[in-house]
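**Q** Below you will find the structure I want to go over with you.
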Amino acid sequence: MVYDYDIIIVGGGLAGLTAAIQLSLGQYAVLVIEKKPYPHHKVCGEYVSNEVVPYLESLGVDLNSAGIVHIDTLQMSTHSGNSITTKLPLGGFGISRYTFDNLLYDRAVKAGVEFIFEAVSSINYRDEVFRVHTASKKFTCSIAIGAYGKRSGLDKKLNREFIQQKSPWLGVKCHYEYENFSDNLVALHNFKGGYGGLSKTEDGSVNFCYLANFENFKKFNSIEDFNQHVVAHNPYLNDFLRDANPKFKKPLSIAQISFEKKEAVENHVLMCGDSAGLIHPLCGNGMAMAIHSAKIVSNCITDYFKSSNHDDRIKLEHTYRVLWKKEFERRLRMGRYIQSLLMNDTVSELAFRTIAKSEKMLQLIIKRTHGSPILV
Ligand SMILES: Cc1cc2nc3c(=O)[nH]c(=O)nc-3n(C[C@H](O)[C@H](O)[C@H](O)COP(=O)(O)OP(=O)(O)OC[C@H]3O[C@@H](n4cnc5c(N)ncnc54)[C@H](O)[C@@H]3O)c2cc1C
């Protein structure tokens, strides 16, 4: 069988782009189909764990050229304003998704990856062939990677279990001009029914991104109204929203964010990044996990193509499932546990206060929700 491509990657976010670079450097014919041209903003806290640095450097991604901001300190506060500050064991960096995704896109193009900017409408597998369709095009490939993020119409078509359930979370993000914020800080401030992160990006803007319970949110007329009546009850966020100047005409928002369990392989499609599982943003580890899962899937695919028993798809899928679980399941479980505490207003204040009193506990949570630098 002659395929159009060895590998088609559906979705060109961090997971899809990273896998595309590694596989293309391995001399495979790779097509990424992404629905939005670069650069574009995304709802995201924009704090990236340093876990990814050695791996991205090994792929020739020059993070310093993008002007990343180095971050080594975490501040957390309860909605009434009790706060704790601690050093981040591994640290991280601040970069907007506008710049980060575009940086990886440029690297992918140089590495020989082909791109099409259209939404994928279906991925079908039969007799060792994937057929990937957009509204106007059809392609075949030997391996399909699903890297299309948290939620997509494709999940419905693949009849994935998590998509059957409604999710109560809404994400909001905007960049601000704000002088009074340290470069090396990422701050996590709790408010009733949610929490928000503040950190600097490469152009000096402060990114404010929060996650809120949708039931709470819909009692208000607008994001501004919600900010004023709920978010600004936290004294740190009150100071921030009072003095900071928004740089976007309107904040970006996304609803129906799901943290439910997902399968790493669905109808033979190898899921990568958020398509395989999303960790609660409180953990600040989603981007690192997306990038790390790209490495795992790329290594598994390389082994599959190199093996003499070239058609052992069952082994490929099994190995990927096992490696994915081994690396991420514990972190996701911890993230879900923290989320369950935050869903309850009374428990969430108590939980935040307990954490805010104990630097040791905070360090333990950071350890349990983060990985080590990705080995190259
Ligand atoms: C509110 C919030 C705050 C967060 N803050 C942080 C943080 O501070 N630090 C951190 O590490 N993580 C954070 N995360 C998690 C992080 O954003 C994700 O884990 C990360 O973006 C996952 O990357 P990805 O490549 O899997 O998905 P994405 O970056 O979402 O990329 C998916 C891509 O697929 C494309 N796509 C979707 N459907 C189709 C289709 N049908 N056809 C073609 N293309 C398609 C989309 O346009 C998109 O570009 C946060 C998440 C949320 C919700």
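The values are calculated or read from the model by the stated rules, or taken from the named source; none is laboratory data. All values derive from a computational prediction rather than experimental measurement. In this analysis, Cβ positions are derived from the backbone assuming ideal geometry, glycine residues included, and neighbour counts consider all displayed protein chains. Just the protein is used for accessible areas: all its heavy atoms, side chains included, with ligands, DNA and RNA removed. Shrake-Rupley method; radii C 1.70, N 1.55, O 1.52, S 1.80 Å.
**Q** In the stretch 124-131, is there at least one residue being in contact (Cβ under 8 Å) with a residue 40 or more places away in the chain, buried (at least 16 other Cβ atoms within 10 Å of the Cβ) and of a type in the set (A, V, I, L, M)?
**A** Within the stretch 124-131, not a single residue is in contact (Cβ under 8 Å) with a residue 40 or more places away in the chain, buried (at least 16 other Cβ atoms within 10 Å of the Cβ) and of a type in the set (A, V, I, L, M).
**Q** May I ask you to list the residues in the stretch 168-180 that are open to solvent by 20 Å² or more (accessible area, probe 1.4 Å) and either of a type in the set (S, T, N, Q) or closer than 18 Å to residue 48 by Cβ (or both)?
**A** Hit for the stretch 168-180 is 180, nothing else.
**Q** Condition first: under 12 Å from residue 39 (Cβ atoms), buried (at least 18 other Cβ atoms within 10 Å of the Cβ) and away from the ligand (no atom under 12 Å from the Cβ). Now tell me which residues in the stretch 100-123 satisfy that.
**A** 103
**Q** Scan the stretch 210-249 residue by residue and report those that are touching a residue at least 12 places away in the same chain (Cβ under 8 Å) and part of a loop (DSSP other than H, G, I, E, B).
**A** 230, 234, 244, 247, 248
**Q** Can I ask one more? Scan the stretch 276-295 for residues that are modelled with pLDDT of 95 or more, touching a Ser or Thr at 6+ places or on another chain (Cβ under 8 Å) and within 15 Å of residue 325 (Cβ to Cβ) and jot them down.
**A** Residue satisfying the conditions is 276 alone.
**Q** I'm checking my understanding of the structure. Among residues of the stretch 1-42 that are under 19 Å from the mean Cα position of the chain (by Cα) and of a type in the set (Gly, Ala, Ser), which one is nearest to residue 138 (Cα to Cα)?
**A** It comes out as 11.
**Q** For the subset of the stretch 163-181 comprising residues that are in contact with a helix residue (DSSP H, G or I) (Cβ under 8 Å, 6 or more places away or on another chain) and in a strand (DSSP E or B), which member is farthest from residue 206 (Cα to Cα)?
**A** 169
**Q** Conditions: (1) within 14 Å of the ligand (Cβ to nearest atom); (2) modelled with pLDDT of 95 or more; (3) outside any strand (DSSP E or B); (4) hydroxyl-bearing (Ser, Thr, Tyr). Residue 65 meets all but one. Number of the miss?
**A** In the conditions (1) within 14 Å of the ligand (Cβ to nearest atom); (2) modelled with pLDDT of 95 or more; (3) outside any strand (DSSP E or B); (4) hydroxyl-bearing (Ser, Thr, Tyr), residue 65 misses (1) alone.
**Q** Okay, next question. What about residue 24, is it surrounded by fewer than 15 Cβ atoms within 10 Å (Cβ to Cβ), in a helix (DSSP H, G or I), among the polar types (S, T, N, Q) and more than 11 Å from the ligand (Cβ to nearest atom)?
**A** no
**Q** Whether any residue in the stretch 254-262 is outside any loop (DSSP other than H, G, I, E, B) and near the ligand (Cβ under 8 Å from one of its atoms) is what I want to check.
**A** yes
**Q** On to the next question. Please find, within the stretch 61-84, the residue that is most open to solvent (accessible area, probe 1.4 Å) out of those that are closer than 30 Å to residue 233 by Cβ and in contact with a Leu (Cβ under 7 Å, 6 or more places away or on another chain).
**A** Among residues in the stretch 61-84 that are closer than 30 Å to residue 233 by Cβ and in contact with a Leu (Cβ under 7 Å, 6 or more places away or on another chain), the one most open to solvent (accessible area, probe 1.4 Å) is 72.
**Q** Just name the residue that is nearest to residue 28 (Cα to Cα) out of those in the stretch 284-299 that are more than 7 Å from the ligand (Cβ to nearest atom) and open to solvent by less than 10 Å² (accessible area, probe 1.4 Å).
**A** Among residues in the stretch 284-299 that are more than 7 Å from the ligand (Cβ to nearest atom) and open to solvent by less than 10 Å² (accessible area, probe 1.4 Å), the one nearest to residue 28 (Cα to Cα) is 298.
**Q** Given the structure, is residue 375 surrounded by fewer than 20 Cβ atoms within 10 Å (Cβ to Cβ) and of a type in the set (A, V, I, L, M, F, W, C)?
**A** Yes.
**Q** Give me a count of the residues in the stretch 146-163 that are of a type in the set (S, T, N, Q) and within 9 Å of the ligand (Cβ to nearest atom).
**A** 1
**Q** Sort out which residues of the stretch 181-210 are of a type in the set (A, V, I, L, M) and either open to solvent by less than 10 Å² (accessible area, probe 1.4 Å) or over 24 Å from residue 167 (Cβ atoms) (or both), and write them in order of number.
**A** Within the stretch 181-210, 185, 186, 187, 198, 206 qualify.
**Q** Which count do you get for residues in the stretch 211-250 that are open to solvent by 40 Å² or more (accessible area, probe 1.4 Å), over 19 Å from residue 341 (Cβ atoms) and acidic (Asp, Glu)?
**A** Selection size over the stretch 211-250: 3.
**Q** If you don't mind, there's one more thing I want to ask. For residue 36, work out the one condition from (1) under 23 Å from residue 280 (Cα atoms); (2) within 14 Å of the ligand (Cβ to nearest atom) it doesn't fulfil.
**A** That leaves (1) as the condition not met.
**Q** From 143, 71, 84, grab the single residue that is part of a strand (DSSP E or B), under 21 Å from residue 200 (Cα atoms), more than 13 Å from the ligand (Cβ to nearest atom) and of a type in the set (A, V, I, L, M).
**A** 84
**Q** Do the conditions hold for residue 40, that is, is it in a loop (DSSP other than H, G, I, E, B) and surrounded by 21 or more Cβ atoms within 10 Å (Cβ to Cβ)?
**A** No.
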